[in-house]
Each structure stands twice: as structure tokens, then as C-alpha cells.
Amino acid sequence: MAVISVAVALLIALFLDAHLVTAPVSLFICALIFSAWYGGIKPGLLAMLLSLLMFKLFFIAPVYSLAVHITEVPRLLIFTLSALFVVLLSATQRS
């Protein structure tokens, strides 16, 4: 479920990026909430790692590369911390 929810969030974000203005973080956060609520902490953390990877690969320069410019590190750090908070909160509510 974690992989599917992140894949759906990525597809929607790529579609919106091509046709409208995109907000990929909010879509990935929704995938995290769904994964952690449905599956618990482990699927939530898996979805977090996949979301972070997809966010970096498709939405942060240089696109399609795992290299990170120093100017993008704060953006990745904020996304990682907020994603971890959402996963932990959602998993805690589930239990």
C-alpha cells in the first residue's frame, strides 16, 4: 500500500506539473498519512523514504539525478522532518 500510494501521488504531481502549477509535497504528505494510517509505522516509513526519493528525483534540481545542490539541502531537510512527523503522528493515532 505504501508503494502504491506514493506512486499515485507521483503520477498526480507529474500530471499537475505538466498542465498546471504543482504542489508535490502536499500529495506526498497525503500518501504518507494514508500509508501510516492503513499499515502502521513500517509502511509509513517506507512511504516516507520513497516519497523523499521521488521528490528529489522529479522536483528538485538537478532533476532525474540523486545529486543535491547545497541550496536545496534545507528544502529536503524540511520535507524529511515534516514527513517523519506526519508518519509518527499517523501511526500513533492508528494504534
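The values are calculated or read from the model by the stated rules, or taken from the named source; none is laboratory data. Note that this is a predicted model, so its numbers are computed, not measured. Here Cβ is always computed from backbone atoms with ideal geometry, including for glycine, and neighbour counts include all displayed protein chains.
Here are a few things to note about the model shown:
- Scanning the range 39-49 for residues that are surrounded by fewer than 16 Cβ atoms within 10 Å (Cβ to Cβ) and within 19 Å of residue 76 (Cβ to Cβ) yields a count of 1.
- Complete set of residues in the range 1-10 that are β-branched (Val, Ile, Thr) and either surrounded by 13 or more Cβ atoms within 10 Å (Cβ to Cβ) or more than 13 Å from residue 38 (Cα to Cα) (or both): 3, 6, 8
- Looking only at residues in the range 70-95 that are modelled with pLDDT of 90 or more and over 16 Å from the mean Cα position of the chain (by Cα), the one that is surrounded by the most Cβ atoms within 10 Å (Cβ to Cβ) is 71.
- Tally, over the range 11-38, of residues that are over 11 Å from residue 51 (Cβ atoms), surrounded by 14 or more Cβ atoms within 10 Å (Cβ to Cβ) and polar (S, T, N, Q): 1
- Total residues in the range 44-74, condition in contact with a Pro (Cβ under 8 Å, 6 or more places away or on another chain) and either small (Gly, Ala, Ser) or more than 24 Å from residue 87 (Cα to Cα) (or both): 1
- In the condition set (1) modelled with pLDDT of 90 or more; (2) part of a helix (DSSP H, G or I); (3) farther than 23 Å from residue 89 by Cβ; (4) of a type outside the set (D, E, K, R), residue 53 is compliant with all but (3).
- Cβ pairs under 8 Å, 6+ apart, first in the range 23-41 and without any contact (Cβ under 8 Å) to a residue 12 or more places away in the chain, second in a helix (DSSP H, G or I) and buried (at least 21 other Cβ atoms within 10 Å of the Cβ): 23/13
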